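A.B. asks: My questions will all concern the structure given below.
The values are calculated or read from the model by the stated rules, or taken from the named source; none is laboratory data. Quantities reported herein were computed from a predicted structural model and do not represent experimental measurements. Reconstructed Cβ throughout: ideal geometry from the backbone, glycine too, with neighbour counts over all protein chains shown. Note: areas computed on protein heavy atoms with side chains; ligands, DNA, RNA excluded. Shrake-Rupley method; radii C 1.70, N 1.55, O 1.52, S 1.80 Å.
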Protein chains: 2
Amino acid sequence: MQTKRPPLSRERVIAAAMALADEKGAAGVTMRALATRLGVEAMSLYNHVAGREDLLDGMVDAVFGEIELPVSTADWKIAMRDRAASSRAALRRHPWAVGLMDSRSQPGPAILRHHDAVLGALRTGGFSVAMAAHAFSVIDSYLYGFVMQELSLPFTSAAELDEIAGDILSDLPADAYPHLTELITKHALKPGYEYADEFEFGLSLILDALHPDEVSSPVTSRPGSRGR
Amino acid sequence: MQTKRPPLSRERVIAAAMALADEKGAAGVTMRALATRLGVEAMSLYNHVAGREDLLDGMVDAVFGEIELPVSTADWKIAMRDRAASSRAALRRHPWAVGLMDSRSQPGPAILRHHDAVLGALRTGGFSVAMAAHAFSVIDSYLYGFVMQELSLPFTSAAELDEIAGDILSDLPADAYPHLTELITKHALKPGYEYADEFEFGLSLILDALHPDEVSSPVTSRPGSRGR
DNA sequence: AGGCTAGACTTACGGTGTAAGTCCGTCAAG
DNA sequence: CTTGACGGACTTACACCGTAAGTCTAGCCT
């Protein structure tokens, strides 16, 4: 008479795997460790998941499922900004996701739904198909690239930065990388600096450089924003 | 009297690992397979490399070593464009590198040298320290993000795209992702379309939106390009 | 009541990174 | 020339990995 356990399912397996990855990192997600966490033996997982690769696919898709979809009614720029913030938050909540995104070629349903919604928001914002493709590519590339860099930094808080920067600077010869040391001493170590703030700069730069190229925008089109 | 083999060294080990990764992917780089390729036993590698993680660190750094450094004399925009092209080429030559970049927090000497050179090019192009940091962040984020997406696409050539797109479209219900199907049918399947071309659009968009914010640019400063 | 089946289980296999210890060729000092 | 040290390649061994294959049992449908 074991202590009643809820039935296994693909969703429960993936959810547990995500929690495990959040704690131990992607490498910590082994079939045995995951099974133990679920009070089960390793091979039982294979009744709900085709294998480790399929499991990782599911995890990535689930992360995309956490991103709130842009609504097509709002101003496209606000929609893109909200989506970027939501995406970045999700990817930071699950730092292993970025590393898993490459190497996984088959997009899951949440990813497709997400991409579709983004394209929709751009289209109703007045972007042609071609221009929407362009915009989508720049914004997403920037988003993923930024988070990737952000997550691979060896520090999280400004306090940690202080400490680590000191170590780095004392380690390497002071004049070997002059511009790098200049950046660290004269900029990054200034009180109030957070690399995270760079996100806003780049995002605004990109969004402000993008312009709808169709006149048919139905409701909330502000004149004077088109390039032609 | 064995068939003379050149002495092992960290460089030779890393070079062989890169060749192996190019052929079999990052997962194919096992200590035993690498040793076999070098005509040696697995444990011998540990005399030149601290462990697998150290090996991967070295590989990533070596990829950065392949990127040609921007020269500080040229026009900053051209320098950034050349560097972006060179970086993208290197990352496409070694597709495993992007996936290894996150999870590796200690930058190697080639990475530091590269970052320093980029900052230098921006500084002599008339960027303040703060603005150079901004520019560096946007450009690099876009660069890595784009390559990452590019490499995770399930196709390489336009011909493959045709084939795969057909499969995808027939797989999923036609009206489930309307904007996605619109994008594929009305844009991506048009003859001459290559996702790689999107790179140029985004890069130009970003570079054209960046402006030096210091007047002291010594030689090749074209007036009328500043934003203030 | 009987049988089917979904799903958890046990066992086993080849492969992984690497700790620990062995062994030998080279080379410098006496 | 002898000897000693030592760097570096080697063998062995271990714990852990993903998963193929087969077994067992509880619950449901007929």
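A.B. asks: Considering the rotational relationship between chains A and B, which residue of chain A contributes the beta-carbon of minimal distance to the axis, and what is that distance to the nearest Å?
C.D. replies: A:Gly145, 1
A.B. asks: Something else about it: Between region B:139-189 and region B:51-120, what is the C-alpha centre distance in whole Å?
C.D. replies: Spelled out, the Cα-based centre of one part sits 27 Å from the other.
A.B. asks: Separate question: Between copies, how far apart are the A:Ser128 label points? List them in nm, one decimal, shortest first, with each point 7 Å from Cα toward Cβ, please?
C.D. replies: 3.9
A.B. asks: Using the Cα centre of the protein assembly as shown as origin and beta-carbon charges of +1 (Lys, Arg) and -1 (Asp, Glu), tell me which of A:Val63, A:Leu34, B:His115 is placed farthest towards the positive end of the dipole.
C.D. replies: A:Leu34
A.B. asks: In a GNM of chain A with a 10 Å cut-off on Cα contacts, which of A:Leu143, A:Leu91, A:Leu180 has the highest mean-square fluctuation?
C.D. replies: Looking only at A:Leu143, A:Leu91, A:Leu180, the biggest GNM fluctuation is shown by A:Leu180.
A.B. asks: Run the label-point distances for A:Asp162 please: 7 Å along Cα to Cβ, every other copy, nanometres, shortest first.
C.D. replies: In nanometres, ordered from closest: 6.2.
A.B. asks: How large is the dipole of the protein assembly as shown about the Cα centre if only Lys and Arg carry +1 and Asp and Glu carry -1, each at its Cβ, rounded to the nearest 20 debye? Display every interim value, and only then the final one.
C.D. replies: Working: 44 positive and 60 negative charges, 76 e Å.
Charge dipole of the protein assembly as shown: 360 debye, to the nearest 20.
A.B. asks: Can I ask one more? Pick from A:Ser152, A:Ser170, A:Ser87: which residue has the top mean-square fluctuation in a GNM of chain A where Cα pairs under 10 Å get a spring?
C.D. replies: A:Ser170
A.B. asks: Roughly how compact is region B:1-49, stated as its Cα Rg over 2.2 N^0.38 Å to two decimals?
C.D. replies: Details: Rg = 10.6 Å, N = 49, 2.2 N^0.38 = 9.7 Å.
For region B:1-49, the normalised Cα radius of gyration comes out at 1.10.
A.B. asks: Nearest 500 deg cm²/dmol is fine: what mean residue ellipticity at 222 nm does the protein assembly as shown get from its DSSP H runs of n ≥ 4 alone, each adding -39,500 (n - 2.57), divided by its residue count?
C.D. replies: Numbers: 20 runs with 267 residues, N = 456.
Taking each H run of at least 4 residues, the total per residue is -18500 deg cm²/dmol.
A.B. asks: Give me the percent relative contact order of region B:1-75, please, defined on Cα pairs under 8 angstrom at least 6 residues apart.
C.D. replies: On the way: 39 pairs, mean separation 20.7, N = 75.
The normalised contact order for region B:1-75 reaches 28 percent.
A.B. asks: Just by accessible area at a 1.4 angstrom probe, what is the order of B:Phe155, A:Phe64 from largest to smallest?
C.D. replies: Values: B:Phe155 45, A:Phe64 10 Å².
Sorted descending by solvent-accessible area, the residues read B:Phe155, A:Phe64.
A.B. asks: Further question: Considering only the label points, 7 Å along Cα→Cβ from Cα, what distances in nm to one decimal separate B:Thr73 from the same position in each other copy, shortest first?
C.D. replies: For B:Thr73, the other copies' label points sit at 6.1 nm, shortest first.
A.B. asks: Which semi-axes, in whole Å and largest first, does the equivalent ellipsoid of chain A have when worked out from the alpha carbon gyration tensor as the square roots of 5 times its eigenvalues? It would help to have the intermediate numbers written out before the result.
C.D. replies: On the way: eigenvalues 255, 192, 34 Å².
Values for chain A, descending: 36, 31, 13 Å.
A.B. asks: Could you name the aspartates and glutamates whose alpha carbon sits less than 16 Å from that of B:Lys77, not counting residues in the same chain fewer than 8 places away?
C.D. replies: Candidates past the 8-residue exclusion: B:Glu68, B:Asp140, B:Glu200, B:Asp208, B:Asp213, B:Glu214.
A.B. asks: Charges at C-beta only: +1 for Lys and Arg, -1 for Asp and Glu. How large is the resulting dipole of chain B about its Cα centre, in Debye rounded to 20?
C.D. replies: Here the size comes out at about 980 debye.
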